[in-house]
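Notes follow the structure.
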Amino acid sequence: MDAAETGRVVAGVSGSLGSLTALHRAAAEAHRTHGELWAVLAWEPPGGESGARHTLFPTQLDTWRTAAARQLLEALDAAFGSAGPGVPLRRQVARGSAARVLVETADRCDDVLVVGAGHRGLLRPLFPSVARYCVAHARCPVLTVPPSPLERDWELAHRRNVWGLSLDAGSLDGDRRNT
């Protein structure tokens, strides 16, 4: 059976903890459905497309594209290590906004689009939600994956570290450790 017969599981990848959690869920979905995992990283030039039109050096676009490809490989390595996801994998790096690239990639009815649904708090007005866009515009089912419970602990530890505050490691993951 090939991917055209079994469908594709398209996963948005950014390298964030939320996207790595979604990538693991996408691999599990691909395994369950005997599908092919498509790991997709979208990139835009610094300053957006209008900034790219004014660049004096076209080779900068190649540099940014290469950096995006390296970021995807690093994210896949962080998620799966050298063992890989255990399902057929296709890597895709595409220029454009993440939401638009993901919806355009998962363009078949039998695809499944998997995206992370993170906690964005005060940043919500500044950065539109990729997950919301995908749910509203995709032609296929969209699976939104909540962040790992450990992500909040990591963010707390990071925030306290940045502010130079002491950290009681025993308070991290306390509720889950006793179960």
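The values are calculated or read from the model by the stated rules, or taken from the named source; none is laboratory data. As the structure is a prediction and not an experimental result, all values here were calculated from the model. Note: ideal-geometry Cβ built from the backbone for every residue, glycine included; neighbour counts use all protein chains shown. When the accessible area is computed, the model is the full protein with side chains, heavy atoms only, and any ligands, DNA or RNA have been set aside. Shrake-Rupley method; radii C 1.70, N 1.55, O 1.52, S 1.80 Å.
Cβ-Cβ below 6 Å, separation at least six or inter-chain, first residue in the stretch 65-77 and in contact (Cβ under 8 Å) with a residue 12 or more places away in the chain, second open to solvent by 80 Å² or more (accessible area, probe 1.4 Å) and among the charged types (D, E, K, R): which pairs?
Partner pairs satisfying both residue conditions: L72/R91.
How about the stretch 131-167: which of its residues are over 23 Å from A26 (Cα atoms) and free of Cβ contacts under 8 Å to residues at least 12 places away in the same chain?
Taking the stretch 131-167 as the starting set, the residues that turn out to be over 23 Å from A26 (Cα atoms) are 153, 155-167.
Correct list: E155, H158, R159, R160, N161, V162, W163, G164, L165, S166, L167.
If the Cβ limit is 9 Å and pairs must be 6+ apart or interchain, which residue in the stretch 83-107 that is among the acidic types (D, E) pairs with which residue that is surrounded by 20 or more Cβ atoms within 10 Å (Cβ to Cβ) and assigned to a loop (DSSP other than H, G, I, E, B)?
If the second residue must be surrounded by 20 or more Cβ atoms within 10 Å (Cβ to Cβ) and assigned to a loop (DSSP other than H, G, I, E, B), the pairs left are D107/A138.
Among the residues of the stretch 103-120, is any surrounded by 13 or more Cβ atoms within 10 Å (Cβ to Cβ), within 14 Å of the chain's Cα centre (by Cα), among the hydrophobic types (A, V, I, L, M, F, W, C) and at pLDDT below 90?
yes
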